[in-house]
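A short write-up of the structure that comes next.
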Amino acid sequence: GAGVSQSPRYKVAKRGQDVALRCDPISGHVSLFWYQQALGQGPEFLTYFQNEAQLDKSGLPSDRFFAERPEGSVSTLKIQRTQQEDSAVYLCASSLQGAPSYNSPLHFGNGTRLTVT
Amino acid sequence: AQTVTQSQPEMSVQEAETVTLSCTYDTSENNYYLFWYKQPPSRQMILVIRQEAYKQQNATENRFSVNFQKAAKSFSLKISDSQLGDTAMYFCALTKNSGYALNFGKGTSLLVTP
C-alpha cells in the first residue's frame, strides 16, 4: 500500500477486556515497530520485528502485551485484560530494513487511540 | 541511557516568519542518527528532516533546516517562511547505530497564526 495502515482508528474497551490492534505496513518493508504514545508525551518504543521474527520486545510494559507478525507483513498488537493505564495512542511504523537510520527512516501510520473505561 | 530534551512545550509564530525549535540529547554513542517528526491532529508522525551524526553539514529540506552541534549535543529545527499547515506537534528523535528503538522527546506544540 501507499502508507502504513492501522485499524481500528479508535477503540473503547472496558477494563478487563482483550483488544487487538492491526497494522498493515508499507509493501516490501522488512522492519515493523510498535510504539505507545501517552497523552502529551512522545512515543515510547514497544517492540520490533524483522520480517516475522520479533527481535526486540524490551519495551512491552507487561506480559499482558503481545505482538505478532506471522507472515512477515501484517502485525497485530494484542493487549489482554486491559487496564486504564493502557489508554494511549498505539502507533505502528515500518521501514525498509533494520534499525532506524538515515537511509531507512520510520514511516508511521495514523495510530489507534485506545480508551479503557 | 539516551535522553532527548525539548525544552519548549509550546511556541507560536506568525505566518511567513521564521521559528527555531530546540532539542538537546545525551548519548554515549559516536555514530547515531537524529530526526525531526511532525505530528498534526491526524496523529500521523511525518518525517520532516534527518541527520547523520558523523556528517558535519547541516541537513536541509526545503523550508526546514537544522543546526546540528555535535559537541554541544544540540539539534535545533528552523522553519522558514512558516505556513498555517506547519501547525503541529514537533518531536525530536534519536537512535543509536546498533539499536532498534527511536527515542523521542516530549514534543513542542507549534502554532502558526495568520
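The values are calculated or read from the model by the stated rules, or taken from the named source; none is laboratory data. In this text, all values refer to a predicted model and were calculated from it rather than measured experimentally. Cβ: placed from backbone, ideal geometry, glycine included. Neighbour counts: every protein chain shown.
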Quiz prompt | Residue check, B:Ser65 over 19 Å from A:Tyr102 (Cβ atoms) and not β-branched (Val, Ile, Thr) | solution = no
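Taking the stated definitions as given, is B:Ser12 within 30 Å of A:Tyr10 (Cβ to Cβ) and modelled with pLDDT under 95? Before the answer, list the steps.
On the way: within 30 Å of A:Tyr10 (Cβ to Cβ): yes; modelled with pLDDT under 95: no.
So B:Ser12 does not fit the description; no.
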Quiz prompt | Wholly enclosed strands (runs of 3 or more DSSP E) of region A:22-104 bearing at least 1 residues closer than 30 Å to B:Pro9 by Cα | solution = A:31-37, A:44-50, A:88-95
Quiz item: Can you find even one residue in region A:5-17 that is loosely packed, with under 15 Cβ neighbours inside 10 Å, away from chain B (no Cβ under 14 Å) and part of a strand (DSSP E or B)?
Solution: yes
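Can you confirm whether B:Leu34 is in contact with a His (Cβ under 8 Å, 6 or more places away or on another chain), part of a strand (DSSP E or B) and hydrophobic (A, V, I, L, M, F, W, C)? Talk me through it step by step, then tell me what you get.
Working: in contact with a His (Cβ under 8 Å, 6 or more places away or on another chain): no; part of a strand (DSSP E or B): yes; hydrophobic (A, V, I, L, M, F, W, C): yes.
It is false that B:Leu34 is in contact with a His (Cβ under 8 Å, 6 or more places away or on another chain), part of a strand (DSSP E or B) and hydrophobic (A, V, I, L, M, F, W, C).
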Practice problem: Can you work out which of the residues in region B:77-98 that are surrounded by fewer than 18 Cβ atoms within 10 Å (Cβ to Cβ) and of a type in the set (Gly, Ala, Ser) is nearest to the chain's Cα centre (by Cα)? | Solution: B:Ser80
Quiz prompt | Residue in region A:92-113 that is surrounded by the fewest Cβ atoms within 10 Å (Cβ to Cβ), counting only those that are more than 17 Å from A:Arg69 (Cβ to Cβ) and at the interface with chain B (Cβ under 7 Å from one of its Cβ atoms) | solution = A:Tyr102
Self-check item: Close pairs from region A:61-74: first closer than 14 Å to A:Phe33 by Cα, partner at pLDDT 95 or above and in a loop (DSSP other than H, G, I, E, B), Cβ under 6 Å, at least 6 apart
Solution: A:Arg69/A:Glu52; A:Gly72/A:Asn51; A:Gly72/A:Glu52
Quiz prompt | Members of region B:26-62 that are closer than 13 Å to B:Gly107 by Cα and either of a type in the set (Phe, Trp, Tyr) or crowded, with 19+ Cβ neighbours inside 10 Å (or both) | solution = B:Phe35, B:Trp36, B:Tyr37, B:Lys38, B:Gln39, B:Met45
Quiz item: Which residues, taken from region B:33-75, are within 15 Å of B:Cys92 (Cα to Cα), of a type in the set (Ser, Thr, Tyr) and more than 10 Å from chain A (Cβ to nearest Cβ)?
Solution: B:Ser65, B:Ser74
Self-check item: Criterion violated by B:Ala101 - all others in (1) more than 16 Å from B:Thr3 (Cβ to Cβ); (2) more than 11 Å from the chain's Cα centre (by Cα); (3) within 9 Å of another protein chain (Cβ to nearest Cβ) satisfied
Solution: (1)
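Among the residues of region B:1-31, write down those that are part of a strand (DSSP E or B) and at the interface with another protein chain (Cβ under 10 Å from one of its Cβ atoms).
Scanning region B:1-31 gives a single hit, B:Val4.
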Quiz item: Mind checking whether some residue in region A:24-31 is surrounded by fewer than 17 Cβ atoms within 10 Å (Cβ to Cβ) and within 13 Å of the chain's Cα centre (by Cα)?
Solution: no
Quiz prompt | Wholly enclosed strands (runs of 3 or more DSSP E) of region B:45-114 bearing at least 1 residues of a type in the set (Phe, Trp, Tyr) and farther than 24 Å from A:Gln6 by Cα | solution = B:64-69, B:74-79
